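Trainee: The structure follows.
The values are calculated or read from the model by the stated rules, or taken from the named source; none is laboratory data. Fair warning: this is a prediction, and the values are worked out from it, not measured in the lab. Positions of Cβ are backbone-derived with ideal geometry, glycine not excepted, and every protein chain shown enters the neighbour counts.
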Amino acid sequence: MEVQTLVRSSEEINADNVIDFLKERYPEKYKLVQNWEELSGNWEVHKLRGDEYLIVWRIPDEEFKKEIPIFGSEESAKGAFLTTAQEHGWEEVPKRYVVYHAQFTEGGGKLLAGIKTEDSISVYDQLTLEDMLKKMSAYPRIVVYSSDVLTYIRDVYPDAPLKSYVIAREIAREAGSSPDLSELGKVYGIDTSTLEGALTLIEKLLHNPVKLPDGRTVNIRPYWYPQGV
């Protein structure tokens with residue numbers, strides 16, 4: 001089990017002082033460590049840009065066997081741990097992702113949604129949306145180009161925004177603004193008028209450098225990067 005969080009510090013943080021740092025500066029995040037102090041794991045601290053640090057807490061699976069008398073099973077203990085982690089500003093380190101996009105058919109008459117997994121591309125309408133959400137829920141990270149498409153599933157999948165990596169937002173962090181997906185489609189030679197094309201392009205944009213319509217290129221953060229501080 002691996003969980004991660006982002007923090008800011010003007011002073012250096014490392015694996016030796018990270019717990020004391022969290023206790024003093026981020027008491028809410030520290031509560032996860034406090035509530036599960038019986039678990040032994042390894043700490044990793046990575047300095048990112050500016051004063052940002054990525055903190056990773058790695059806990060061997062066998063550690064959760066200690067919790068079986070309380071939770072009944074190792075899996076139940078892991079589930080409870082993840083729930084607590086999310087409540088206190090941590091998230092599971094995502095090892096897999098699903099690409100999601102949605103758009104209206106020509107003329108705006110019907111909304112179609114699609115996802116791209118490591119296996120295939122699937123398209124859904126309002127009648128089959130529940131099937132899509134069940135498949136999406138198995139992935140710790142949802143990759144989208146724009147956060148606008150999350151509005152279509154927010155009511156039925158409230159965790160979606162918390163699990164999402166928004167590429168347009170990442171491009172804007174580096175370039176000041178982000179182009180429409182259709183503009184990027186012209187740069188990459190991919191037709192984004194179809195869901196299949198849009199999903200293919202969105203996944204392609206995960207690979208740096210990202211080419212922009214004005215000729216510039218930018219490097220965006222990886223999809224597993226944790227959500228905001």
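Trainee: Name the one entry in Y30, Y53 that is of a type in the set (F, W, Y) and in contact with a strand residue (DSSP E or B) (Cβ under 8 Å, 6 or more places away or on another chain).
Mentor: Of Y30, Y53, the one residue that is of a type in the set (F, W, Y) and in contact with a strand residue (DSSP E or B) (Cβ under 8 Å, 6 or more places away or on another chain) is Y53.
Trainee: Identify the single condition in (1) over 30 Å from T200 (Cβ atoms); (2) under 21 Å from the mean Cα position of the chain (by Cα); (3) of a type in the set (S, T, Y) that Y100 does not satisfy, given that it satisfies every other one.
Mentor: For Y100, the failing item is (1).
Trainee: Checking N208 against (1) assigned by TED's automatic domain parsing to the domain that holds I115; (2) in contact with a Leu (Cβ under 8 Å, 6 or more places away or on another chain), only one condition comes out false. Which one?
Mentor: All conditions pass for N208, except number (2).
Trainee: Among the residues of segment 58-67, count how many are exposed (fewer than 13 other Cβ atoms within 10 Å of the Cβ) and in contact with a helix residue (DSSP H, G or I) (Cβ under 9 Å, 6 or more places away or on another chain). Please lay out each step first, then the result.
Mentor: At the first step, the residues of segment 58-67 found to be exposed (fewer than 13 other Cβ atoms within 10 Å of the Cβ) are 60-62, 65.
Those left that are additionally in contact with a helix residue (DSSP H, G or I) (Cβ under 9 Å, 6 or more places away or on another chain): 61-62, 65.
Summing the residues that are exposed (fewer than 13 other Cβ atoms within 10 Å of the Cβ) and in contact with a helix residue (DSSP H, G or I) (Cβ under 9 Å, 6 or more places away or on another chain) in segment 58-67 gives 3.
Trainee: Of the conditions (1) loosely packed, with under 15 Cβ neighbours inside 10 Å; (2) under 27 Å from Y223 (Cα atoms), Y53 clears all except one; give me its number.
Mentor: (1) is the only condition that Y53 fails.
Trainee: Do we find a residue being within 21 Å of W224 (Cα to Cα) and surrounded by fewer than 19 Cβ atoms within 10 Å (Cβ to Cβ) anywhere in segment 98-116?
Mentor: no
Trainee: Sort through E44, E38, E91, E2 and tell me the only one that's touching a residue at least 24 places away in the same chain (Cβ under 8 Å) and buried (at least 19 other Cβ atoms within 10 Å of the Cβ).
Mentor: Just a single option satisfies the conditions, and that option is E91.
Trainee: Now for a separate question. Could you tell me which of the residues D125, D155, D131 is outside the structural domain of L54 (by TED's automatic domain parsing), at pLDDT below 95, of a type in the set (D, E) and under 27 Å from L82 (Cα atoms)?
Mentor: Exactly one residue qualifies, and that residue is D155.
Trainee: Another one. Run down P179, P161 and say which single residue is more than 15 Å from G114 (Cβ to Cβ) and either of a type in the set (V, I, T) or part of a loop (DSSP other than H, G, I, E, B) (or both). If you could, list the steps in order and put the result at the bottom.
Mentor: Values: P161 fails: either of a type in the set (V, I, T) or part of a loop (DSSP other than H, G, I, E, B) (or both).
Criteria check complete, one pass: P179.
Trainee: Considering only segment 116-140, how many residues are touching a Gly at 6+ places or on another chain (Cβ under 7 Å) and either at positive phi or of a type in the set (S, T, N, Q) (or both)?
Mentor: Residues in segment 116-140 being touching a Gly at 6+ places or on another chain (Cβ under 7 Å) and either at positive phi or of a type in the set (S, T, N, Q) (or both): 1 in total.
Trainee: Which of the residues spanning segment 191-216 are within 18 Å of A113 (Cα to Cα) and not in a helix (DSSP H, G or I)?
Mentor: Across segment 191-216, the qualifying residues are D191, T192, S193, T194.
Trainee: Hey, another quick one. How about segment 170-195: which of its residues are buried (at least 17 other Cβ atoms within 10 Å of the Cβ), of a type outside the set (S, T, N, Q) and within 25 Å of L111 (Cα to Cα)?
Mentor: Within segment 170-195, P179, L181, L184, G185, I190, L195 qualify.
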